[in-house]
Every structure is written in structure tokens, then in C-alpha cells.
Amino acid sequence: MSSLTADNQTKKVKTDQFQSHDYYQVDDLLQEEHLLAREAIRSWVKSEVSPIIESYAEKAECPTHLFKELGELGAFGPSLPVEYGGGGMDEIAYGLIMQELERGDSGIRSMASVQGSLVMYPIYRFGSEMQRQKYLPRLGTGELIGCFGLTEPDHGSNPSGMLSNIRKDGSDYILNGSKMWITNSPIADIAVVWAKDEEGVIRGMIVEKDMPGFSAPEIHGKWSLRASITGELVFENVRVPGENLFPEIRGLKGPLSCLSKARYGIAWGVIGAALDCYDSALRYSKERIQFDRPIGQFQLTQKKLAEMITEITKAQLLAWRLGTLANNGNASPAQISMAKRNNVLMALEVAREARQIHGGMGITNEYPIMRHMMNLETVLTYEGTHDVHLLITGMDVTGLNAFK
Amino acid sequence: MNILVGISKTPETTAKIEFSEDGKSFKSEGVNYIMNPYDEWYALVRAIELKEVHGGEVTVINVGTISNETVIRKALAIGADKAVRINKETSSSWDTASQIAAYAKEHSYDIILIGKETIDYNGGEVGGMLAEHLGVSFISFASKLEFDGSVFTVEKDIEGGVEVVELNGPFVLSAAKGLAEQRIPNMRGIMMAKRKPLEVIEPISDEGFVTISQFTKPAEKVGIKMVDPDQMDELVRMLSEESKVI
């Protein structure tokens with residue numbers, strides 16, 4: 001693990017004073033391995049992420065050296081089996097790892113979510129044994145970086161309308177089309193890509209970066225997830241060997257099952273961002289003096305803090321229960337949608353309230369608040385928008401589909 | 001090389017310190033505990049590094065109740081091979097040293113490492129007492145420990161310089177900053193730790209020499225008081241009655 005290198009360009013590298021908050025003693029519901037995993041990732045974030053993150057976010061640069069470290073820690077696909085590069089942990093451990101990473105930054109959590117849930121998971125679940133052996137161990141260590149291509153420029157919430165397509169040519173397939181908003185794509189070694197075959201059936205495949213006709217230009221100008229790299233995937237007659245296609249899986253349920261995994265991780269992850277904002281606001285409210293008293297003594301500050309910890313506590317309980325369901329394989333996609341939607345908005349609102357408590361300081365990079373807030377604006381609509389998740393719940397409770 | 005490492009559990013550095021009504025015990029409610037950093041970052045990690053080069057086994061030992069097992073499991077996750085917990089709420093440094101010595105006498109260790117002090121009571125006594133119990137050398141505050149296959153070389157910082165000591169095992173060493181660098185356990189280590197042996201043994205009977213009569217917190221630091229230039233009498237009164245300097 002590389003030693004801490006504080007960036008000179010960041011004006012002030014403050015010590016990360018974060019302390020977690022557990023108002024309802026949810027920790028009592030956790031096992032030893034969960035506590036150890038959380039503590040390990042928290043220590044790593046404090047020593048390797050916090051000192052550099054403001055600077056990378058400001059420069060809109062991805063700290064790519066962290067991939068290997070995340071791999072070494074075992075943050076990629078922790079709930080996959082050990083023999084395929086995972087950690088053999090349960091879903092609650094996976095959730096807590098995401099929470100601690102996102103406590104550092106949603107972009108760092110995104111690096112790990114994509115690699116674990118959207119690249120390693122589909123290869124493990126849908127890949128042939130040869131594909132698993134070829135890619136998973138090296139993805140697990142961070143030696144290879146992966147990305148996931150489902151969303152297209154004109155097909156976001158409606159992925160089944162995708163235009164990317166494959167045409168059979170001997171034992172190979174010719175891939176054409178483009179994908180948009182792809183986390184990690186410009187630096188990825190492989191992409192898990194979903195495209196329609198000649199019959200219009202969605203198929204999944206692994207595309208390698210040096211296949212002729214494949215490019216991944218970076219998307220610039222983001223005011224959110226600035227420490228995470230995002231790009232497009234462009235396929236112009238890319239020849240993909242037949243052995244690179246996932247053999248069995250057909251249709252949208254393939255990519256959607258991956259998204260369920262990633263959304264599950266987000267439902268946990270954003271609690272980390274919320275805790276970081278709350279923790280900073282709580283500390284600031286006791287230190288900042290106005291009218292000869294700490295601002296935490298004023299009723300309106302207390303209202304904000306009390307509502308923040310109430311909402312965080314509810315989100316923690318929701319995530320924990322979802323985790324126990326997921327451990328038994330019983331977390332439905334609709335239940336995951338509810339938790340993702342609720343917890344992301346909760347975190348965004350906590351960030352906004354925390355920003356007000358910090359006053360002007362809240363908009364500077366001396367505090368993590370504004371960075372979290374800007375990040376969470378993305379998290380609100382990626383991996384299923386806030387509105388679409390609402391309609392998934394709506395469809396689930398009424399049995400009526402609002403998408404058609 | 002077989003190495004025994006003593007580890008203890010301490011409140012987190014940011015924990016709020018409160019004592020019971022009678023002042024005789026520490027209030028542990030709501031306090032987060034960690035492994036004592038001198039035990040973890042320096043003693044344990046250096047032991048694991050030596051094992052990685054020279055082979056052998058690292059055993060961690062703790063005197064404490066079942067609530068200490070998360071900390072013990074963390075030591076296993078970092079890379080210790082096995083653990084022993086002596087099932088007793090320890091009453092003093094003497095008690096801890098006696099309990100560990102009783103176990104160590106039954107086994108043969110090339111060296112025994114322990115943090116230079118715990119960050120709660122800062123006693124720094126266990127290492128020396130343990131060495132005395134076992135009748136072996138004791139090196140305190142070591143910031144470097146090397147082994148060339150036959151002789152150990154230890155460095156310790158002293159006033160104005162460094163003392164270099166060469167010696168053969170067995171000995172007890174207390175670890176100071178610099179002996180090694182913190183290792184964060186990875187997820188595979190955490191899962192492997194679940195399957196490593198953690199033996200629980202009953203304590204030897206030991207009459208404590210120490211009873212706690214009172215804990216008190218240091219007086220709160222008083223901030224600077226500003227006195228209006230018109231209130232000279234008040235300033236003189238404060239200097240005389242409150243701070244008693246005139």
C-alpha cells in the first residue's frame with residue numbers, strides 16, 4: 001500500500017476527523033467480519049483517499065493508482081467466491097464496503113461498484129468457465145479495469161430500445177453502435193457490452209480495448225463525480241470472437257440483474273456520504289460561535305441536525321434489512337429500487353442541510369460537503385433515475401405498468 | 001521463528017472519557033474500542049514481517065473477556081497465525097504480565113513483542129514485568145528490529161542519539177514508533193481470520209496488588225478572559241483571588 005502523499009495543490013489538507021454515527025445501535029446487528037471490513041476500509045479511506053480527494057476532484061482527474069489498492073484490499077466483488085477473485089463475503093459486508101468508500105467520495109465508490117457489480121458479477125454469473133478464468137482473478141486484483149456498456153445516447157431509462165447490434169460472421173460477431181455515460185471507460189481494459197443480435201435479442205459480451213474499431217473517448221465538463229472518469233464506447237465494425245459472448249443469457253434480465261447488484265451497493269454507499277456530511281455539520285455546529293454561543297444551540301440548527309440523524313438512521317435500518325434479504329437471495333429488484341431511491345435522496349438532502357449549517361465554509365473544499373452534494377446529483381439519476389425507481393415501486397404495488 | 005505478540009484493547013483516541021459516580025471505574029458505554037496502536041502497528045506487523053522472511057509462526061495473546069475478540073480477530077486478519085485469549089478482566093499491569101508469563105512458560109517462543117504502552121492508561125509496565133517473570137532480557141522502546149539468521153539487532157532512540165543492541169533470543173521487546181508500518185487487513189484476510197484458531201484459556205489465580213481508589217479528570221483549561229480597561233479593580237481582584245499571582 002503506497003504511503004500517504006498529500007497534494008501540494010490542495011490548499012489545506014485537513015486531518016480526516018470523521019467519526020461514524022449509529023443512533024439505533026445497528027452495529028449490534030452486525031457480525032465481527034462486518035465490523036472488521038468496515039474498519040479496514042475506513043482506515044484506508046482516511047489514509048489514502050481523504051488527503052488527495054479534494055485535489056483530484058478540483059482537477060477533474062481520476063486517481064487511477066487507487067485501482068490496484070482497492071484490488072489489494074479486496075474491495076472489488078467482495079461477495080464473489082474467492083476462487084474467482086472475490087472475497088467470499090456476504091452482502092452486508094459488500095454494502096458496508098461501499099458505504100465506507102462513498103464516505104470518502106461517490107466517485108471512488110463508483111470505481112469499485114462498476115468493477116465488482118457490473119463487470120465481475122456478470123462475468124461470474126453469465127460467463128463461460130473460460131471467461132471466468134481469463135478475466136476474474138485479474139479484475140479482482142485491479143490489474144485489469146473493466147466497464148459496463150448498457151446506456152446509449154438515446155436510450156437511458158429505456159434500455160430495451162438500444163440500437164447497438166451484432167451480426168454473425170463465421171464464428172465471430174461484428175459489433176456496431178455506441179454507449180454513453182460509461183464509468184471507467186477511457187481507462188478500461190475490457191468492457192461488458194450489451195447489444196441486440198439479428199433477431200433483436202439482447203446479448204452480453206466482453207470487448208477488449210485493443211480490438212480494432214473500438215474506442216472510448218472521455219466525457220469532459222462534469223460538475224459531479226469529478227474524481228471518477230466517464231466516457232463513451234464507440235464500436236465501428238468491431239470483430240468480437242464468438243467465445244467472448246456470454247453463452248446462455250438472453251434479454252434485458254441479464255443487464256438488469258447486474259444493475260440490481262450495483263443499486264444495492266448504492267443504497268448502502270450513499271449512507272456514507274450522508275454520514276460524512278452530518279458528522280462535519282455536527283462538529284461545525286459546536287465550534288462555530290455566533291451571538292456568543294455555538295450555532296448548535298439554536299433551534300433551527302438543532303432541527304436540521306435532528307432530522308439529518310433521523311433520516312440517516314432510517315436509511316441504515318432499510319439498508320440492513322435489505323442486506324439480510326439479499327443474503328438469503330430474497331431481495332427483490334423492487335425492494336432494491338425503494339432503498340436506492342430513498343437513500344440517495346436522503347443523502348442529497350442531508351448534504352444540502354449540512355451545507356447550510358456550514359454557511360459559506362460549506363461551499364469550499366475545506367469541507368467535503370459541496371463535493372458530496374455535487375456527486376449525489378449524479379447518483380440521484382444514475383443506475384435508474386429517481387423517478388423511474390418510483391414507478392418501479394408503483395408498478396410493484398399496483399400491478400400496472402406505467403412505462404407502456 | 002516463533003513469536004508471541006501481546007495485544008490489548010483500548011478506547012479509540014477520540015473517545016469521550018467519563019468515570020463512574022464513585023470515580024473508581026471507567027464508563028465504557030458508547031465507547032468504541034480499537035487494538036492498541038503500539039501493539040498493532042509496530043509489534044504485530046514487525047512480527048509478521050519477520051515470520052514472512054524467516055518462517056515460523058506468530059501467536060497473539062490477550063488477557064480479557066469475550067468482548068475483546070473483535071480486536072483479536074483483527075490481529076488474525078492482519079496476519080497472525082493463531083490467537084490465545086486468557087479469559088479475565090485484567091486488574092493491573094502485574095496481572096496482565098503474570099497471566100501472559102504463565103502461558104509463555106508452557107510454550108517456547110524465540111521472541112516476545114509488545115507495544116511500548118497502551119494508549120489508555122499509558123503504563124508501559126507489562127513488557128518489563130513479563131521479561132522478569134520469564135527471566136529473559138528486556139529491550140524497551142525499540143524502533144528497529146532485525147534478524148540475520150543468528151543474531152538480533154535492536155535500535156532504540158535515546159536522548160541525542162540511537163542505542164544499538166545485539167542479542168540472542170529469547171527476549172521481550174517493547175515496540176515504539178518506527179518499528180514497522182501499519183497494515184490494513186484486506187477482505188480475504190478478514191475471511192481467513194474466521195478459520196484461524198482462537199484458543200480461550202482460564203487464568204491462573206493471581207492476587208492483585210493494585211486497587212483503584214479514584215480517577216479524576218484534569219482541570220479544564222480556562223480560556224483567556226478579557227477585562228475592560230476601565231475595570232482595573234476587577235483585574236486586580238482576579239489576579240489576586242482567582243489566579244493567585246499577586
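The values are calculated or read from the model by the stated rules, or taken from the named source; none is laboratory data. On a predicted model such as this, the values are computed, not experimentally measured, just so you know. Cβ placement follows ideal geometry from the backbone for every residue including glycine, while neighbour counts extend to all protein chains displayed. To get the accessible areas, we keep the full protein, side chains included, count just its heavy atoms, and leave off ligands, DNA and RNA. Shrake-Rupley method; radii C 1.70, N 1.55, O 1.52, S 1.80 Å.
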(message) At 222 nm, what value in deg cm²/dmol follows for chain A if DSSP H runs of at least 4 each add -39500 (n - 2.57) and the sum is divided by all its residues, to the nearest 500?
(response) -15500 deg cm²/dmol
(message) Between B:Y121, B:Y103, B:Y42, where does the largest GNM mean-square fluctuation fall for chain B, given springs only between Cα atoms within less than 10 Å?
(response) B:Y121
(message) Using the Cα centre of the protein assembly as shown as the reference point, and only Cβ charges (+1 on K/R, -1 on D/E), how large is the resulting charge dipole? Debye, rounded to the nearest 20.
(response) 1800 debye
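With a cut-off of 8 Å between alpha carbons and a minimum separation of six or more residues, what is the relative contact order of segment B:114-239 in percent? Kindly include the intermediate steps, with their values, before the conclusion.
Details: 116 pairs, mean separation 24.6, N = 126.
Relative contact order comes out at 20 percent.
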(message) Exceeding 25 Å between C-alpha atoms, which entries from my cross-link table qualify? They are A:K196/A:K261; A:K261/A:K304; B:K24/B:K221; B:K82/B:K116; A:K134/B:K51; B:K16/B:K244.
(response) A:K261/A:K304; A:K134/B:K51; B:K16/B:K244
(request) Note down the magnitude of the dipole of segment B:47-131 about its Cα centre, charges +1 on Lys and Arg C-beta and -1 on Asp and Glu C-beta and zero elsewhere, to the nearest 20 debye. (result) 160 debye
(request) Under 18 Å Cα to Cα from B:K105, which aspartates and glutamates show up? Leave out anything in the same chain fewer than 8 places away. (result) B:E57, B:D95, B:E132, B:E199, B:E202, B:D206
(request) Could you tell me, in Å, what Rg and Dmax come out for the Cα atoms of segment A:146-244? (result) 13.1, 45
(message) What's the ranking of B:135-141, B:34-40, B:224-230 by average number of surrounding C-beta atoms within 10 Å, highest first?
(response) B:34-40, B:135-141, B:224-230
(request) For segment B:52-88, state which residues have at least 20 Å² less accessible area in the presence of all protein chains than in their chain by itself, taking the probe as 1.4 Å and leaving out ligands, DNA and RNA. (result) B:T70, B:R73, B:K74
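So for segment A:198-272, Kirkwood radius off the Cα pairs, Stokes-Einstein at 37 °C and 0.692 mPa s: how many µm² s⁻¹?
On the way: Rh = 15.3 Å.
Taking Rh from Cα pairs, D becomes 214 µm²/s.
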(request) Would you kindly derive the ³J(HN,Hα) couplings of segment A:163-175 from the backbone phi angles with the Karplus curve 6.51 cos²θ - 1.76 cosθ + 1.60 (θ = phi - 60°), listing them in order in whole Hz, with x for Gly and Pro? (result) 9, 4, 8, 10, 10, 6, 9, x, 8, 9, 10, 9, 9
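Helix-only mean residue ellipticity at 222 nm, chain B, DSSP H runs n ≥ 4 weighted -39,500 (n - 2.57), per residue, nearest 500. What is it? Before the final figure, lay out each step's value.
Details: 6 runs with 56 residues, N = 246.
My calculation for chain B gives -6500 deg cm²/dmol from helical runs alone.
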(message) On C-alpha positions alone, give me the angle between the axis of helix A:50-59 and the longest principal axis of chain A, in degrees, nearest 10.
(response) 60 degrees
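Between chains B and A, what is the buried accessible area summed over both chains (1.4 Å probe, protein heavy atoms, nearest 100 Å²)?
On the way: alone 14310 and 17600 Å², together 30240 Å².
The contact between A and B buries close to 1700 Å².
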(request) May I ask you to evaluate 6.51 cos²θ - 1.76 cosθ + 1.60, the Karplus curve with θ = phi - 60°, for each residue of segment A:95-101 and list the ³J(HN,Hα) values in order in whole Hz, giving x for glycine and proline? (result) x, 5, 5, 5, 4, 5, 5
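Ignoring ligands, DNA and RNA, what percent of the 1.4 Å accessible area of the protein assembly as shown is carbon and sulfur? Write out the running numbers ahead of the final one.
On the way: 15370 of 30240 Å².
Percent of accessible area from carbon and sulfur atoms in the protein assembly as shown: 51.
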(request) Quick one: dipole size for segment A:193-351, taken about the Cα centre, charges +1 on Lys/Arg Cβ and -1 on Asp/Glu Cβ, in debye to the nearest 20. (result) 740 debye
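Less than 11 Å Cβ to Cβ from B:G123, Lys/Arg counted +1 and Asp/Glu -1: what total charge do the surrounding residues give? Intermediate results must be reported in sequence, preceding the final value.
On the way: positive: B:K116; negative: B:E117, B:D120, B:E125.
Once all neighbours under 11 Å are counted, the net charge is -2.
Could you compute the net charge surrounding B:I34? Neighbours are other residues with a C-beta less than 9 Å from the C-beta of B:I34; K and R count +1, D and E count -1. Write out the running numbers ahead of the final one.
On the way: positive: B:K9, B:K74; negative: A:E39, B:E12, B:E40.
Around B:I34, the charge tally is -1.
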(request) Specify which residue in the list A:S50, A:L376, A:I363 is farthest towards the positive end of the charge dipole of chain A, using unit charges on the beta carbon of Lys, Arg (+1) and Asp, Glu (-1), about the Cα centre. (result) A:I363
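Checking a compactness column here: for segment B:2-216, what do you get for Rg(Cα) / (2.2 N^0.38 Å), N being the number of residues?
On the way: Rg = 16.9 Å, N = 215, 2.2 N^0.38 = 16.9 Å.
Taking the Cα Rg and dividing by 2.2 N^0.38 Å, one obtains 1.00.
In Å², what does the accessible area per residue of the protein assembly as shown work out to with a 1.4 Å probe? Intermediate results must be reported in sequence, preceding the final value.
On the way: 30240 Å² over 650 residues.
Per-residue value: 47 Å².
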(message) With a cut-off of 8 Å between alpha carbons and a minimum separation of six or more residues, what is the relative contact order of chain A in percent?
(response) 17 percent
(request) Give me the percent of DSSP beta bridges within chain B that run antiparallel, rounded to the nearest 5. (result) 35 percent
(request) Return P(r) of the protein assembly as shown (all Cα-Cα pairs; 10 Å bins starting at 0; whole %; ordered from short to long distances). (result) 3, 14, 21, 22, 18, 12, 6, 2, 1, 0, 0
(message) Let's test the formula: R0 of 35 Å, r as the Cβ-Cβ distance of B:V151 and B:I204. What FRET efficiency results, to the nearest 0.05?
(response) 0.55
(request) Considering the options A:S178, A:A281, A:T141, tell which one lies farthest towards the positive end of the dipole of chain A, charges being +1 on Lys and Arg and -1 on Asp and Glu at the Cβ, about the Cα centre. (result) A:A281
